[in-house]
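**Student:** Pasting in a structure now, in structure tokens, and then I'll have a few things to ask.
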Amino acid sequence: MLNDAMGGLARVWRSLLIPAVAVSVPVSIATIVAFGATGGADLLDLVLNDPGRLRTIPEEVFWELARPFYVAVGIAAFLQMIGGVFVALASHASVAAELHGEPLTAGEATREAMRRYPTAFGAALVILGAVLALIGLGAAIWLIPIVSVGTPNSTTALVAVLLLGALLGPGIWAAVSVSMTTSAVAIEHGGVFGSILRSLRLVRGRWWPTAGFLMLVGLLGGIAIPLIQLIALPLAALGGGGSALTVASGLGVLAQGLLVAAISAMYTYWYIDLRARKEGLSTDDLG
């Protein structure tokens with residue numbers, strides 16, 4: 001499946017290039033602005049240019065620098081979600097059309113993504129809310145043994161670790177189970193909750209293979225995205241000003257958009273495989 005997905009990606013990359021770059025450039029600029037406006041770039045400046053000072057500054061000063069950094073990271077993550085949903089929709093539509101024998105142009109893929117975007121973004125918000133609720137519940141339960149005792153000890157630490165492991169399981173299960181949501185929106189034109197439920201039904205019974213495929217795709221591309229963000233974009237936010245930095249940042253933005261598009265395209269092949277196994281889906285049904 002991974003081999004087929006990569007081969008299919010080679011056939012649709014031209015239609016994904018413009019949507020990916022058109023989204024990644026403004027999102028990256030907004031990320032740079034967010035780091036500068038919130039003061040989050042100050043911690044990056046310290047880490048990159050004077051890391052030895054981190055060991056000498058008082059704890060309260062460190063947290064004064066860390067808080068705006070975390071705020072900037074949160075804003076950047078939300079911006080990435082906004083852009084990522086659009087790129088995913090364009091990728092899903094392009095792959096389905098190519099398999100149907102009627103490839104889309106970049107403009108057609110962009111228009112398809114725009115038509116389905118409100119529904120897909122609504123579904124992403126629902127999923128994000130559920131994830132945050134799960135994290136909040138998990139954090140509350142995780143802190144119970146420590147708070148109840150007052151002074152942490154080896155027993156409370158062990159209980160906390162066991163609870164953390166038990167709470168990570170449902171989160172991982174949910175993440176894999178809803179991973180086909182945007183594909184359902186783009187190809188089946190489902191609603192917000194209908195597409196989420198559709199993903200749950202498709203993945204049910206194929207959870208482990210789906211998790212394995214997503215892991216392989218993540219190893220190929222998902223790791224590279226945060227690396228690009230950590231290296232290229234924060235450096236640009238700090239304002240190096242040199243031509244080498246400008247080139248590096250530009251390449252980082254371009255690579256980031258293309259990686260998101262590539263990952264989404266490969267997800268589409270798995271979604272189609274799930275439907276073919278369960279429903280006997282053919283390429284004619286993708287029209």
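The values are calculated or read from the model by the stated rules, or taken from the named source; none is laboratory data. In this text the structure is predicted, and so the values were computed from the model without any measurement. Counting neighbours? That spans all protein chains shown, and the Cβs are built from the backbone with ideal geometry, glycine included.
So that you can scan it fast, the table gives a plain yes or no per residue for (1) under 16 Å from the mean Cα position of the chain (by Cα); (2) over 30 Å from Phe213 (Cβ atoms):
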residue	(1), (2)
Met1	no, no
Ser28	yes, no
Ala41	no, yes
Asp45	no, yes
Pro68	no, yes
Leu79	yes, no
Gly83	yes, no
Val87	yes, no
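**Student:** Then there is this: So how many residues does region 260-277 have that are under 23 Å from Val21 (Cβ atoms) and of a type in the set (Phe, Trp, Tyr)?
**Tutor:** Matching residues across region 260-277 total 2.
**Student:** Further question: Are there any helices (runs of 4 or more DSSP H) wholly within region 134-232 with 1 or more residues that are surrounded by 14 or more Cβ atoms within 10 Å (Cβ to Cβ) and at pLDDT below 65, and if so which?
**Tutor:** The qualifying helices (runs of 4 or more DSSP H) are 154-177.
**Student:** Which count do you get for residues in region 240-287 that are crowded, with 18+ Cβ neighbours inside 10 Å, at pLDDT 75 or above and not basic (Lys, Arg)?
**Tutor:** Of the residues in region 240-287, 18 are crowded, with 18+ Cβ neighbours inside 10 Å, at pLDDT 75 or above and not basic (Lys, Arg).
**Student:** Kindly indicate whether any position in region 70-83 is over 30 Å from Ala186 (Cβ atoms) and touching a helix residue (DSSP H, G or I) at 6+ places or on another chain (Cβ under 6 Å).
**Tutor:** Yes, region 70-83 contains a residue that is over 30 Å from Ala186 (Cβ atoms) and touching a helix residue (DSSP H, G or I) at 6+ places or on another chain (Cβ under 6 Å).
**Student:** Could I ask something else about it? Scan region 58-75 and report the pairs whose first residue is modelled with pLDDT of 85 or more and whose second residue is surrounded by fewer than 16 Cβ atoms within 10 Å (Cβ to Cβ), with Cβ atoms within less than 6 Å and a gap of 6+ or a chain change.
**Tutor:** Matching pairs, first to second residue: Pro68/Gly39.
**Student:** Looking at Pro103, Pro68, which is the one that is assigned to a loop (DSSP other than H, G, I, E, B) and either exposed (fewer than 14 other Cβ atoms within 10 Å of the Cβ) or not aliphatic (A, V, I, L, M) (or both)?
**Tutor:** Result of the check over Pro103, Pro68: Pro103.
**Student:** Still on this structure: Can you go through Val33, Val47, Val25, Val61 and tell me which one is closer than 30 Å to Ala97 by Cβ, part of a helix (DSSP H, G or I) and not acidic (Asp, Glu)?
**Tutor:** That would be Val25, the only listed residue that is closer than 30 Å to Ala97 by Cβ, part of a helix (DSSP H, G or I) and not acidic (Asp, Glu).
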